[in-house]
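The values are calculated or read from the model by the stated rules, or taken from the named source; none is laboratory data. Worth saying up front: this structure is predicted, and the values here are computed from it rather than measured. Methodologically, a virtual Cβ is constructed for each residue, glycine included, from the backbone with ideal geometry; neighbour enumeration extends over all protein chains shown. Areas reflect the complete protein model, heavy atoms only, side chains present, ligands, DNA and RNA absent. Shrake-Rupley method; radii C 1.70, N 1.55, O 1.52, S 1.80 Å.
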Amino acid sequence: MASQSWMDVLKSAKKTALIHDGKRKIHYLFTDGKEMVEEYDLKTDELIVRKWRHKSTLGVQGQWQVEVGEPLTSSASTSASDVIKENCSNPIFMRKDTKNSFQWRIRNLFYPEDVFSVFVEPSERCIIIKTSNKKYYKKFSVADLDRSQLPLDGSALSFAHANNTLIVTYKKPKEILSLEQELLKELKKLKATAEGDVDCKTQ
Amino acid sequence: MASTKVPEVRDITRIERIGAHSHIRGLGLDDALEPRQVSQGMVGQLASRRAAGVILEMIKDGHIAGRAVLIAGQPGTGKTAIAMGIAQSLGPDTPFTALAGSEIFSLEMSKTEALSQAFRKAIGVRIKEETEIIEGEVVEIQIDRPATGTGAKVGKLTLKTTEMETIYDLGNKMIDSLSKEKVQAGDVITIDKATGKISKLGRSFTRARDYDAMGAQTQFVQCPEGELQKRKEVVHTVSLHEIDVINSRTQGFLALFSGDTGEIKSEVREQINAKVCEWREEGKAEIIPGVLFIDEVHMLDMECFSFLNRALESDLSPVLIMATNRGITRIRGTNYQSPHGIPIDLLDRLLIIATSPYTEKETRQILKIRCEEEDVELSEEAHTVLTRIGMETSLRYAIQLISTAGLVCRKRKGTEVQVEDIKRVYSLFLDEARSSQYMKEYQDSFLFNETQTAAMDTS
């Protein structure tokens with residue numbers, strides 16, 4: 001029922017599709033003014049990028065917030081470089097899904113595997129990564145599960161560490177899998193503009 | 001052996017410049033709104049200060065909007081000083097916009113647009129917004145200055161919480177503000193990620209030592225927990241004009257062509273008014289009517305006055321304070337004469353505060369305050385002489401003489417300004433009356449004196 005309502009929200013959103021670079025790019029404009037962009041691989045139908053943008057209360061256009069995929073390089077925000085930014089040696093957190101699971105990769109973690117502990121915090125609906133040497137800590141929620149209002153299950157969670165990268169995997173529940181199937185079918189029905197400019201309305 | 005001189009690293013601590021009204025810190029009233037003779041840089045003008053105090057309370061309550069006040073009086077009787085005093089007592093949270101009557105005449109913008117922008121700058125909206133902040137204890141700050149002394153500085157800042165540690169690269173601006181705030185290892189700080197604003201929360205408990213010399217106001221706080229970057233709700237005040245500007249900017253690439261000439265569409269304004277009212281009803285925002293101060297209001301013309309008439313009736317309207325030094329004069333843009341150069345229908349809506357010329361004692365007192373402000377020592381006789389000059393010419397001229405006499409005194413390596421110094425500058429610089437006298441005597445030898453007489457008659 002709950003996962004259905006998210007589907008309805010998606011269906012009611014104004015969608016624009018574009019095929020470019022071997023990727024199917026979909027832009028969603030929701031009724032509340034939020035924007036979402038998804039990019040799927042044309043061959044494997046895997047989700048590569050999902051990012052969000054919304055206006056602040058005062059009406060300032062926000063920056064893109066990346067939910068899935070490579071974080072945006074800060075080349076666009078040159079003005080912010082004058083202030084403060086993370087050093088490049090810091091851990092980089094990103095989400096990269098596979099067909100059957102949500103997956104997060106944290107690069108630049110040079111610590112042995114046994115310092116890490118990853119667990120689910122059901123009361124706050126989030127996953128926590130902790131290090132016993134107090135160097136890294138991350139609390140994050142699974143947006144897909146939140147949107148569909150599904151519970152977090154500790155047994156679906158696993159993690160591995162290799163090549164200075166920590167990989168956290170969470171098995172997608174079957175509700176999510178079916179939802180994604182359905183959405184993909186819907187998206188393929190969309191008439192995608194191949195290559196070139198989308199005819200945008202002039203203001 | 002020649003010792004090598006290490007070039008001094010100059011830190012940017014702001015030097016405050018002294019303005020004409022920088023000695024004013026408030027209206028100088030006690031709790032019962034009774035004016036004190038000399039207080040907060042204000043001297044005399046008891047009745048008008050008391051009146052301004054009543055207006056101030058009215059503004060502070062915030063219930064009354066759309067009232068207008070006129071401060072009228074001769075030049076140099078403290079009209080602007082009273083307005084500044086009101087601004088100072090209102091504090092930084094109430095918007096206070098000051099402009100001169102002639103500022104609204106611009107070719108880029110219509111007069112009414114400039115006025116509405118000024119009106120909207122004077123109305124604040126206090127609203128909650130979520131921002132991203134970094135909160136943590138400073139482990140280490142490392143700032144590398146280039147050996148040559150010029151060029152970009154490079155900095156690194158290591159912050160930690162109880163759970164994690166992160167290294168940040170610092171930009172130039174950030175380095176400056178960190179050194180201005182004197183942030184050091186062991187401080188717990190928050191940094192607003194968008195604006196780069198730093199606030200010190202205190203020292204970390206883990207760094208507390210018995211033998212450390214600490215100021216009395218040093219606070220000890222716990223090291224923050226969890227993640228370094230957090231989203232926090234902060235309350236801040238923005239003016240309606242700022243919201244207008246944010247929302248009127250053309251989106252996307254079209255912004256490149258539109259330019260920023262500044263006319264804001266009335267539809268945008270209406271939308272924002274509606275939105276703000278909605279926020280207010282939902283309890284998300286609070287409206288703070290501020291103060292719009294228009295100096296030299298006689299410079300406005302008829303159209304502006306009729307606009308003011310209308311604008312004061314809107315429910316989103318600030319308290320309007322105007323000041324003028326004119327008596328009965330022509331209203332700009334018409335051929336009618338009217339008191340203060342303001343049409344009668346607008347005058348009817350105003351509360352008028354009159355200022356009167358200062359007495360000798362008050363002049364003396366003001367000069368003393370200004371001397372303190374400008375850091376000039378005055379001998380007793382010089383003070384008396386200066387007071388006489390102030391009474392006979394004008395207060396402004398006497399104040400001008402303070403700094404010039406101070407300079408003359410310093411040049412002769414004196415510590416206290418003597419009568420001679422005053423005499424010296426009095427002979428060097430003419431006051432208005434002497435200058436006019438000089439003109440009358442030597443008019444014939446000036447350029448264009450043939451046409452002068454005709455031109456003088458008309459003005």
*Expressed as a whole number of Å, what is the distance separating the alpha-carbon centroids of region A:103-166 and region B:92-155?*
40
_What does the structure give for A:127-136 when I average, per residue, the other chain Cβ atoms found within 10 Å of the residue Cβ?_
3
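Leaving ligands, DNA and RNA out of it, rank B:Tyr442, B:Tyr397 by accessible area with a 1.4 Å probe, largest first. Walk me through the intermediate numbers first.
Values: B:Tyr442 110, B:Tyr397 25 Å².
Of B:Tyr442, B:Tyr397, the descending order of accessible area is B:Tyr442, B:Tyr397.
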_If you take every DSSP beta bridge fully contained in chain B, what fraction is antiparallel? Give it as a percent rounded to 5._
65
_Mean Cβ neighbour count within 10 Å, used as a protection proxy, ranking B:425-435, B:88-98 highest first_ = B:88-98, B:425-435
*So, counting K/R as plus one and D/E as minus one, what does the shell of residues with Cβ under 12 Å around B:Tyr358 add up to?*
+1
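Give me the net charge of B:Arg410's neighbourhood, meaning all other residues with Cβ under 15 Å from the Cβ of B:Arg410; Lys, Arg count +1, Asp, Glu -1. Don't skip to the answer; put the middle values down first.
Working: positive: B:Lys411, B:Arg412, B:Lys413, B:Arg424; negative: B:Glu374, B:Asp375, B:Glu377, B:Glu416, B:Glu420, B:Asp421.
My count for the surroundings of B:Arg410 gives -2.
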*asked:* Can you compute the helix-only [θ] at 222 nm over chain B? Use -39500 (n - 2.57) per DSSP H run of at least 4 residues, normalise by all residues, nearest 500 deg cm²/dmol.
replied: -11000 deg cm²/dmol
*Using heavy-atom solvent-accessible surface (probe 1.4 Å) with all chains present, what is the largest-first order of B:Glu377, B:Glu57, B:Glu362, B:Glu225?*
B:Glu225, B:Glu377, B:Glu57, B:Glu362
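What accessible area per residue, rounded to a whole number of Å², is obtained for chain A using a probe radius of 1.4 Å?
Heavy-atom SASA per residue in chain A reads 57 Å².
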*What is the protein assembly as shown by shape, rounded, prolate or oblate, if you read a ≥ b ≥ c off the alpha carbon gyration tensor as root eigenvalues and call it rounded for a/c under 1.5, prolate for a/b larger than b/c, and oblate otherwise?*
prolate
*asked:* Can you give me the C-alpha center-to-center distance between region B:324-367 and region B:220-237, rounded to a whole angstrom?
replied: 52
*Based on the Cβ-Cβ distance of B:Lys440 and B:Gln400, what FRET efficiency does E = 1/(1 + (r/R0)^6) give at R0 = 22 Å, to the nearest 0.05?*
0.45
_Cβ-based charge dipole, region B:128-234, positive-most Cα from B:Cys223, B:Ala194, B:Ile167_ = B:Ala194
*Determine the shielding of peptide B:193-200 by partner chains: average, over its residues, the number of Cβ atoms on other chains within 10 angstrom of each Cβ.*
2
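Is region B:360-443 best put as rounded, prolate or oblate by its Cα gyration tensor, with a ≥ b ≥ c the root eigenvalues, rounded for a/c under 1.5, and otherwise prolate when a/b is larger than b/c, oblate when not?
The shape class here is oblate.
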*Once the dipole of chain B is set up with Lys and Arg at +1 and Asp and Glu at -1 on Cβ about the Cα centre, which of B:Leu351, B:Asn325, B:Leu56 lies farthest towards its positive end?*
B:Asn325
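Which pairs in the list B:Lys153/B:Lys193; A:Lys34/B:Lys193; A:Lys138/B:Lys160; A:Lys139/B:Lys160; A:Lys51/A:Lys188; B:Lys111/B:Lys265 are over 18 Å apart, alpha-carbon to alpha-carbon?
Exceeds cut-off: B:Lys153/B:Lys193; A:Lys34/B:Lys193; A:Lys51/A:Lys188.
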_Dipole magnitude of chain B about its Cα centre (Cβ charges: Lys, Arg +1; Asp, Glu -1), debye to nearest 20_ = 780
*Tell me, what does the Kirkwood hydrodynamic radius of region B:128-234 come to in angstroms if you use every pair of distinct C-alpha atoms?*
14.7
_Test item: B:230-238 mean partner chain Cβ contacts at 10 Å_ = 0
_Between helix B:419-428 and chain B, what is the angle of the helix's C-alpha long axis to the longest principal axis, kept within 0 to 90° and rounded to the nearest 10?_
70
*Length released on extending from B:Ser427 to B:Asp31, taking residue separation times 0.36 nm less the Cα-Cα span*: 138.0 nm
*Shape call, chain B: gyration tensor on alpha carbons, a/c limit 1.5*: oblate
_Cβ-defined net charge surrounding B:Val138, 12 Å radius [Lys, Arg +1; Asp, Glu -1]_ = 0
_Given Cα positions, please report Rg to Rh for chain A, the hydrodynamic radius being the Kirkwood one._
0.98
*Angle between chain A longest axis and helix A:2-12 axis [Cα atoms, degrees, rounded to 10]*: 40
_Rounded to 5, percent antiparallel among DSSP beta bridges of chain A_ = 95
*Under the definition of Cα pairs under 8 Å and six or more residues apart, what whole-number percent is the relative contact order of region B:360-443?*
30
*Mean separation of Cα pairs under 8 Å and 6+ residues apart, divided by the residue count of chain B: what relative contact order is that in percent?*
20
_Give me the dipole magnitude in Debye, nearest 20, for the protein assembly as shown about the Cα centre, with unit charges on the beta carbon: positive for Lys and Arg, negative for Asp and Glu._
1260
_Please compute the contact order of region B:314-459 in relative form: average sequence separation of alpha-carbon pairs under 8 Å and at least six residues apart, divided by the residue count, as a percent._
14
